[in-house]
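Working notes for the structure below.
Quick note: the coordinates plus some simple rules give every number you see, no bench work behind them. In this text, all values refer to a predicted model and were calculated from it rather than measured experimentally. A quick note on method: Cβ atoms are made from the backbone with ideal geometry, for glycine too, and the neighbour counts reach across all protein chains shown.
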Amino acid sequence: MKVLLTGASGFIGAAIRDQLDASGHDVVAVDALIPQAHGTDTVPDVSVHRLDVRQADTWVDLLRGVDVVCHQSAMVGAGVTVADMPLYASHNDLGTAVLLAAMEEAGVKRLVFASSMVVYGEGRYVCATHGHVQPGVRTVADLEAGRFDNPCPSCDRALGWELVDEDARLDPRSSYAASKLATEHYASAWVRQADARAVGLRYHNVYGARMPRDTPYSGVAAIFRSSLERGESPRVFEDGGQMRDFVHVTDVARANLASIEAVAEDRLAPYEAFNVCSGEPVSIRDVAQMLGAASGIDPVVTGQYRLGDVRHVVASPERARQVLGFSAQVGPEQGLAAFVHEPLRT
Ligand code: UD1
């Protein structure tokens, strides 16, 4: 099958490309090589078309005859300042909209795209007395006082966490999250208007070989890994009890392959969204310890906090398993120990 892959030079895109190539698919690789992700002295890969999805209307010919578009290009991270907002809106919102219009013009009706767990905002919480509740936003006063757990809105007692499923309320809390939710909305509108089919993959915390070194836009795995490479302790914020799901990039690529094949064969509902996760929640303190143990460097729990961070967001892998037949193969214990020795992108 012929697959046009955007973001083909990125951390996740490159892993998808490896698996598409290995499966014998014909890949049309596209990447804009934006400096925020690739720096300014990138060595050009001649097999990648250096094109921007925001100008997909100018390269419609590349889309003709394509069976599925796998759309991975995006501006990532949480947004450093408000000044980044136009970048997220431009690369992610506008980029997706222009790509969808170009796909319509070229007659391409199948899409798999990268969404994110950030569309949920906070995860799923339960109070021992009040059952499932929606926490508010953590206040500066609570965070300053070291009260990191979300309190129950009714009784103020600390809430416990549970796995988020795809029907959870969507509550984006950053420019990046807003742009990923917009991507989902554009894709589902396109499905209806163009009589097309799309799959949105809500990635959890992705890590693995060729992850970019730490930048202001990096997730915590890259930050910890880069600290260890410099011989420094990973600095764990809050009390380290915040929970995430770390999913290996090879599993993310496998979820994309499964989705590309399923959407091409019309095996799914017209619009689907799936969590892409390992299904094995882990605390940030344990992540730092696992990475530190493999490098012989102890982490430091600093008690610092970032105002935009959510406390816990961990996901149920069930829907992807049942509908898509996808389950992660690399658990965090095995994957994080190996990640210490895997090369980062230079
Ligand atoms: C991250 C990404 C998000 C992406 C999502 C899923 C960023 C900034 N966030 O969200 O864009 O969609 O994964 O892949 O890229 N922490 C430390 N020490 C540090 C840095 C962070 O303890 O040096 C803590 C944070 O306080 C937070 C946790 O680690 O509690 C996770 O941080 P991070 O990876 O940045 O953000 P996520 O919310 O998980």
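Structure above, values below:
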quantity	calculated
Dimensionless Rg over Rh [the chain; C-alpha; Kirkwood]	0.96
Angle in degrees between helix 11-22 and the longest Cα principal axis of the chain, rounded to the nearest 10	50
Share, in percent, of DSSP beta bridges within the range 193-326 that are antiparallel, nearest 5	15
Between helix 175-194 and the chain: long-axis angle, C-alpha atoms, 0 to 90°, nearest 10	40
For the chain, built as a Gaussian network whose Cα springs stay under 10 Å, the top-fluctuating residue of 135, 281, 299	135
Sorted by Cβ density within 10 Å, fewest first, the residues 301, 68	301, 68
The chain - share of DSSP beta bridges that are antiparallel (%, nearest 5)	20
Hz values of 3J(HN,Hα) by residue in the range 51-63 - Karplus curve (6.51, -1.76, 1.60), Gly and Pro given as x	9, 9, 5, 5, 10, 4, 5, 8, 10, 4, 4, 5, 7
Point-charge dipole on Cβ atoms (K/R +1, D/E -1) for the range 178-234, about Cα centre, debye to 20	120
Kirkwood Rh (inverse of mean 1/r, distinct Cα pairs), the range 226-346, angstrom	16.1
Exposure proxy ranking, count of Cβ atoms within 10 Å, fewest first, for 109, 180	109, 180
For 149, 18, 31, order by how many other beta-carbon atoms lie within 10 Å, fewest first	18, 149, 31
For the range 147-264: rounded, prolate or oblate by the Cα gyration tensor [a/c cutoff 1.5]	oblate
Folded to 0 to 90 degrees: helix 95-106 orientation relative to the chain principal axis, Cα	30
Choice from 54, 235, 192 showing the highest fluctuation, given a GNM over the chain with Cα pairs closer than 10 Å	192
Summed residue charge, Cβ within 9 Å of residue 213's Cβ, Lys/Arg positive, Asp/Glu negative	0
The chain: relative contact order as a whole-number percent, Cα under 8 Å and 6+ apart	19
Candidates 46, 300, 252: whichever shows maximal mean-square fluctuation once the chain is modelled as a Gaussian network with Cα springs under 10 Å	46
Dipole axis of the range 1-110 (+1 Lys, Arg; -1 Asp, Glu on Cβ), positive-most option in 11, 98, 88	98
